[in-house]
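What follows is calculated from the coordinates using simple rules that are stated; it is not laboratory data. These figures come from a predicted structure and were not determined experimentally. All Cβ positions, even for glycine, are placed from backbone atoms using ideal geometry, and neighbour counts span all protein chains on display.
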Amino acid sequence: MQVGESLLNGFGRYETHTGRPQINVALNSPVIQLDDFRFGDWSPVEEKPEEETDAMSLEEASQKAAEVSDEAQKLLSPEMLSRQDASIVVEVEQVLSGQDKLGQGRFQATLANGRADIGPIEVKVPGGEAAMKLGYEPTQTDVAVDFQLNVEKFDYGILARRTQPDADISGTFSVIMDVDSRARYLSDILRHGSGRIEFGVWPQDMKAGIFDLWAVNVFVALAPEVDPDKASKVNCAIARFKLDDGKLIERFIMMDTSRMRVSGTGSADFTEENFALRMSPQVKTPQMFSLATPIEVSGPFDDFSIRASPGEVIGTATKFLTSIFWVPIKKLSGEKIPADGADVCNVSLQTIPES
């Protein structure tokens with residue numbers, strides 16, 4: 001099949017003589033030119049006027065998502081998946097938008113003996129690469145799911161500018177997910193899941209702003225208002241979690257800016273839908289009259305609270321008052337933390353040490 005410059009080749013086979021129907025499809029596209037599919041105001045379906053609706057709360061959105069997933073589970077029943085076996089492979093060697101090369105990708109899915117495996121799904125774009133796999137196997141009493149996602153240093157600035165050309169953001173992110181679960185309902189997968197969830201963000205030219213104001217000497221934090229060119233930057237933010245039967249436990253949480261480093265501890269419970277997180281700042285260069293007070297973020301997912309860590313306020317006040325004595329000593333004897341966070345930021349997410 002050809003539409004303009006866009007080509008699609010492939011074959012399909014449907015066999016019934018083996019008893020259970022077997023479907024095999026393989027498709028390949030050497031090039032897809034998005035400009036070939038510009039239809040102006042025309043649409044193959046009648047467009048209905050959008051209804052004005054109030055924005056859903058987090059609780060309403062979660063409930064809606066659960067309803068949709070449970071309906072999908074009914075459609076993907078053991079009886080339906082066991083009626084046939086199937087395999088499909090789709091490869092796209094090049095996607096173009098005018099003269100711009102957007103990337104390439106590969107999709108593979110199989111259905112055999114009542115189990116569906118989607119992936120590997122591989123996407124390669126100028127911003128980086130991503131790979132995903134999903135396994136789904138329902139029974140009469142529950143459903144088993146295994147999910148893997150690997151995104152390594154993906155440039156989100158390129159993606160942002162594809163949808164909004166004047167977007168003024170740039171940086172990279174990485175995500176690693178490896179989760180196995182078995183639950184009665186598909187919407188409860190995370191409540192019974194085990195594995196790991198890890199992510200990191202490396203922004204470029206992102207001002208530290210309120211983060212420094214919270215943790216660093218007040219005078220230093222306000223300096224960007226006088227001299228914006230020397231404003232503190234966020235170097236990276238990294239978090240690694242272990243998921244054990246619905247409970248998310250931190251292995252490593254850290255945010256690094258030009259002027260401070262924040263380490264964290266905490267956990268989340270997907271069954272109770274609440275979490276508790278404690279963030280402790282450390283000023284890279286000792287400052288007199290610093291207000292580096294640890295904070296706690298805790299409570300339900302949809303109604304959490306942020307407050308100074310109990311028991312730490314007095315300690316912070318004492319350090320504030322005595323800083324005029326210990327700061328000069330620490331500046332002479334203490335080790336310096338790199339302003340660019342090179343000791344922890346310039347590495348792959350998978351090599352970040354656990355706390």
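The table for this structure:
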item	result
Residue exposure sequence - LEU34, LEU349 - by fewest surrounding Cβ within 10 Å	LEU34, LEU349
Filter on LYS207/LYS247; LYS64/LYS153; LYS133/LYS242; LYS153/LYS233; LYS247/LYS336; LYS133/LYS233 - keep pairs with C-alpha separation over 28 Å	LYS207/LYS247; LYS64/LYS153; LYS247/LYS336; LYS133/LYS233
Mean separation of Cα contacts under 8 Å, 6 or more apart, over the residue count of segment 71-171: relative contact order %	19 percent
Segment 111-161 and segment 194-214: distance between their alpha carbon centers, rounded to Å	24 Å
